[in-house]
Amino acid sequence: MRETWVAGAAMNRFGKMAETGREAGARVALEALDRAGVEPKRLGLTIVSNAFGIAEHQAHVGPLLNTALGIPEVPSFTVESACSSSSAALHEAFVHVAGGFSEAVLVVGFEKLSHLDTLAATSYFATGADYTFESQNGATFPGLYATIANAHSQKYGTTPEQLGAVAVKNHANGARNPHAHFQKEISLATYLASPMVASPLRLYDCCPFSDGAAAVVVVAREALPRPAAEPLVIRASARAGDIGDIHDRESLTSLSATRRAADAAFQRAGIERREVQFLEVHDCFTIAEIVALEDLGFFPAGAAAKAGADGTTARDGRLPVNPSGGLKAKGHPVSASGAAQVVEVFEQMNALAGTRQVPHAEVALTHNVGATGSSCSVHLFSRR
Ligand SMILES: CC(C)(COP(=O)(O)OP(=O)(O)OC[C@H]1O[C@@H](n2cnc3c(N)ncnc32)[C@H](O)[C@@H]1OP(=O)(O)O)[C@@H](O)C(=O)NCCC(=O)NCCS
């Protein structure tokens, strides 16, 4: 396999977009290409993620995006893997470039649902779960993750205050991120007073519905002799799957796809967990961050809930987690989220993260989950 780099990455401010998803996708793609110093015509392939494009009456968006970039002749395809769509697209880009099929591949993820109300957006999102056994029977994602939170609480004694500590930390990070949907700090008291959505998950346990777009330029090392920015080396790109329905799984308190993807990534990269200096993990709900940290192997089962409350995972803690604000505060435009995690790693490693800069940014991990963990991507990056 060839050494494969992220040469550039860019995103817009998540939240509410006036423009269409594909317009935003083209804009961030040009920004990422500019950061990389790669001309669009150098691309061998574009991989697009837009899981809920149907909300904008648009599928098969790749050729439209390439036309906007001035490269209609370049092939494209769409990757859909629910909330892990653009990290799955990144995996495909990695395979193409590392395998020698392309010199440079563009990954673009975007989503626009702000024109829908909460009920309609919830129904669209629920199509990422199992319609027959879950969504048709009223199980929404807040409900499914509440089931996980209740099981975690019963098994390990996880408290509302520990869930709240994750929300407080991620909002504090988001407040320093100009790309974030929510740029406001919250206190634990605000968290505890917020409305219940699906017990025990409150408003501030949940990621919001966000519009947004993010893009990543993946290149072979030899294709980029003089990079415009400091590229990231993709040390490993691993994916894993699991049973779709949580009621059929062995455990409600652990996502086995995360464990398998993480083990494969660390083995392929030859990196030890103690070498990782910061993480962007999939915190669609606060409980998801806690479970992710345990399944990724950074904390024993039942021990990660304390890490938010005691400051271990704060921006200036021993292991900064979600310095971007995570899905919780930065926002979660489903198909842009995996690519946006890479934007955060790119900005941290290029010292472009301003007041949210973590002290050591040499080795990082991204973790992106589809649905309740039936799909998972783990990527490891280091500075060149
Ligand atoms: C939590 C949730 C139910 C809130 O929806 P809602 O009650 O209709 O909230 P509204 O959109 O009416 O917003 C009400 C206020 O709360 C804020 N808000 C909405 N969602 C928020 C969230 N997740 N976190 C913090 N604040 C939020 C809004 O900005 C608004 O603030 P304002 O009054 O100051 O303008 C909704 O955001 C949700 O379902 N999130 C989960 C999405 C999801 O499942 N994603 C897939 C994950 S796998």
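Nearest 20 debye, what's the magnitude of the dipole of region 99-250 about its Cα centre given +1 on Lys and Arg Cβ and -1 on Asp and Glu Cβ?
Charge dipole of region 99-250: 500 debye, to the nearest 20.
Taking a ≥ b ≥ c as the square roots of the eigenvalues of the Cα gyration tensor of region 66-128, is the shape rounded (a/c under 1.5), prolate (a/b larger than b/c) or oblate?
Oblate shape, in that a/c is at least 1.5 and b/c is the bigger or equal ratio.
Which is farthest toward the positive dipole end of region 1-101 among PRO72, ILE54, ALA7, measuring Cα position about the Cα centre, with Cβ charges +1 (Lys, Arg) and -1 (Asp, Glu)?
ALA7
Whole-Hz ³J(HN,Hα) for each residue in region 50-60, computed from phi via Karplus 6.51 cos²θ - 1.76 cosθ + 1.60 with θ = phi - 60°, x for glycine and proline: what do you get?
7, 4, 10, x, 4, 5, 10, 6, 9, 10, 6
Need one word for region 115-155: rounded, prolate or oblate. Basis is the Cα gyration tensor (sqrt eigenvalues a ≥ b ≥ c); a/c below 1.5 gives rounded, then a/b vs b/c decides.
Taking the square roots of the gyration eigenvalues as a ≥ b ≥ c, region 115-155 is oblate.
Report, largest value first, the span of the C-alpha coordinates of region 86-179 along each principal axis, in whole Å.
Answer, in whole Å and largest first: 49, 37, 33 Å.
Which of rounded, prolate or oblate describes region 94-244 when judged by the alpha-carbon gyration tensor and an a/c cut-off of 1.5?
Judged from the Cα gyration tensor, region 94-244 comes out prolate (a/c at least 1.5, a/b above b/c).
Counting other Cβ atoms within 10 Å, which GluC sites (Glu not before Pro) in region 1-65 have at most 16 and lie in a DSSP loop?
Filter output for region 1-65: GLU3, GLU19.
With each pseudo-label sitting 7 Å past Cα toward Cβ, what's the GLN267-ALA120 distance in nm, one decimal?
Using points 7 Å along Cα→Cβ, the separation is 4.6 nm.
Out of residues 5 or more away from GLU3 or on other chains, whose amide H comes under 5 Å of its own, with H placed 1.01 Å from N in the peptide plane?
ARG221
Report, by chain and number, residues whose modeled amide H sits under 5 Å from the one on THR78, excluding near sequence neighbours (fewer than 5 apart, same chain).
So THR78 has HN proximity to VAL48.
Might you report the magnitude of the Cβ-based charge dipole of the chain about its Cα centre, with Lys and Arg at +1 and Asp and Glu at -1, to the nearest 20 debye?
Its charge dipole is roughly 740 debye.
At 222 nm, what helix-only mean residue ellipticity would the chain give, in deg cm²/dmol to the nearest 500, using -39500 (n - 2.57) for each DSSP H run of four or more?
-10500 deg cm²/dmol
With +1 on the Cβ of every Lys and Arg and -1 on the Cβ of every Asp and Glu, and nothing else charged, how large is the dipole of region 153-218 about its Cα centre, in debye rounded to the nearest 20?
Its charge dipole is roughly 100 debye.
Per residue, how much accessible area does region 93-150 have with a 1.4 Å probe, in Å²?
Normalised by residue count, the accessible surface of region 93-150 is 42 Å².
Which entries in the list LYS169/LYS330; LYS41/LYS330; LYS16/LYS328; LYS155/LYS306; LYS112/LYS328; LYS112/LYS330 go over 20 Å, if you measure between the two C-alpha atoms of each?
LYS41/LYS330
Helix by helix, which DSSP H runs in the chain go 18 Å or more along their axis at the Cα atoms and have an average Kyte-Doolittle hydropathy of -0.5 or more?
21-36, 85-98, 141-156, 160-174, 334-349
Between region 271-349 and region 1-32, what's the alpha-carbon centroid distance in Å?
For region 271-349 versus region 1-32, the Cα centre distance is 21 Å.
Where the accessible area of the chain is counted over protein heavy atoms with a 1.4 Å probe, how much of it, in %, is carbon and sulfur?
52 percent
Order of 121-130, 76-85 by packing, highest average Cβ count within 10 Å first?
Ranked by mean Cβ neighbours within 10 Å, highest first: 76-85, 121-130.
When the Kirkwood hydrodynamic radius is evaluated over all pairs of different C-alpha atoms of the chain, what value in angstrom, to one decimal, is obtained?
Mean inverse Cα-Cα distance, inverted, gives 20.2 Å.
Can you tell me the length gained on complete extension of the stretch LYS155 to ARG318, counting 0.36 nm per residue apart and subtracting the Cα distance?
In short, 56.1 nm is gained.
The values are calculated or read from the model by the stated rules, or taken from the named source; none is laboratory data. Just so we're clear, the structure is a prediction, and the values are computed from it rather than from any experiment. Note: ideal-geometry Cβ built from the backbone for every residue, glycine included; neighbour counts use all protein chains shown. Accessible surface areas use protein heavy atoms only, side chains included; no ligands, DNA or RNA. Shrake-Rupley method; radii C 1.70, N 1.55, O 1.52, S 1.80 Å.
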